[in-house]
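Data first, discussion second: the structure below is written as structure tokens.
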Amino acid sequence: GLFAATKWQHLGGSKEQQVALMFCQPLTGRTHQIRVHMAEMGFPILGDRLYADRFRCPLFVSRTLLHSYFLKVGPVFCCAPLPVDMSHI
């Protein structure tokens, strides 16, 4: 595989909850980069059936809970609030 780097920070959650809110910033642009890095560190993304196949969580989610809060491409900057289904978790 090619080199990939992701900056990350734990924003909330606990071991008791078995869920954490993470801020991830990909420094390179590899396919599935955040999903792969989180799973390799033992923190798979909820609902990720490709990279977190052995992870079991008491929460049922119908999709991968990965959300881009903000995105900047050149001079264009976009921001999107957390979806309702994710904010409940």
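Taking the mean number of other Cβ atoms within 10 Å as a proxy for protection, how do you rank 33-41, 6-14 from highest to lowest? Please list the in-between numbers first.
Values: 33-41: 16.9, 6-14: 11.0.
Packing proxy ranking, top to bottom: 33-41, 6-14.
Relative to the Cα centre, what is the charge dipole magnitude of the chain, using +1 at the beta carbon of each Lys and Arg, -1 at the beta carbon of each Asp and Glu, and rounding to the nearest 20 debye? Each step should come with its number before you reach the end.
Details: 9 positive and 5 negative charges, 28 e Å.
Charge dipole, the chain, about its Cα centre: 140 debye, nearest 20.
Per 5 Å bin, what is the whole-percent P(r) computed from every C-alpha pair distance within the chain?
Binned Cα distances yield the sequence 3, 11, 23, 25, 21, 11, 5, 1, 0.
Return, ordered by residue number, the residues of segment 16-43 whose backbone nitrogen is under 13 Å from a label point located 7 Å along Cα→Cβ of HIS67.
21-23
Residue separation times 0.36 nm, minus the C-alpha to C-alpha distance between TRP8 and GLU40: what's the value?
Details: separation 32, 0.36 × 32 = 11.52 nm, distance 1.32 nm.
Stretched fully, the TRP8-GLU40 segment lengthens by 10.2 nm.
Please list the non-local residues whose amide H lies under 5 Å from the amide H of TRP8, H modeled 1.01 Å from N, same-chain partners needing a gap of 5 or more.
Sorted by chain and number, the residues that satisfy this are GLN25.
Compute the accessible area per residue over the chain, keeping the other protein chains in place, probe 1.4 Å, unit Å².
Values: 6950 Å² over 89 residues.
Here the per-residue accessible area is 78 Å².
With a 1.4 Å probe and every protein chain kept in, tell me what percent of the accessible surface of the chain is carbon plus sulfur.
Numbers: 4190 of 6950 Å².
Roughly 60 percent of what the probe reaches on the chain is carbon or sulfur.
Quick check: with the 1.4 Å probe, what order do VAL73, VAL19 take by accessible area, largest first? The partial results should precede the final answer.
On the way: VAL73 95, VAL19 30 Å².
The residues order as VAL73, VAL19, largest area first.
Starting from the Cα of THR31, step 7 Å toward the Cβ, then list every residue of segment 56-89 with an amide N under 12 Å from that point.
Under cut-off, by backbone N: nothing.
The values are calculated or read from the model by the stated rules, or taken from the named source; none is laboratory data. The shown structure was predicted, so the numbers you read here are calculated from the model rather than taken from an experiment. So basically every Cβ, Gly included, is an ideal-geometry build from the backbone, and we count neighbours across all protein chains shown. The area values use the complete protein model at the heavy-atom level, side chains included, leaving out ligands, DNA and RNA. Shrake-Rupley method; radii C 1.70, N 1.55, O 1.52, S 1.80 Å.
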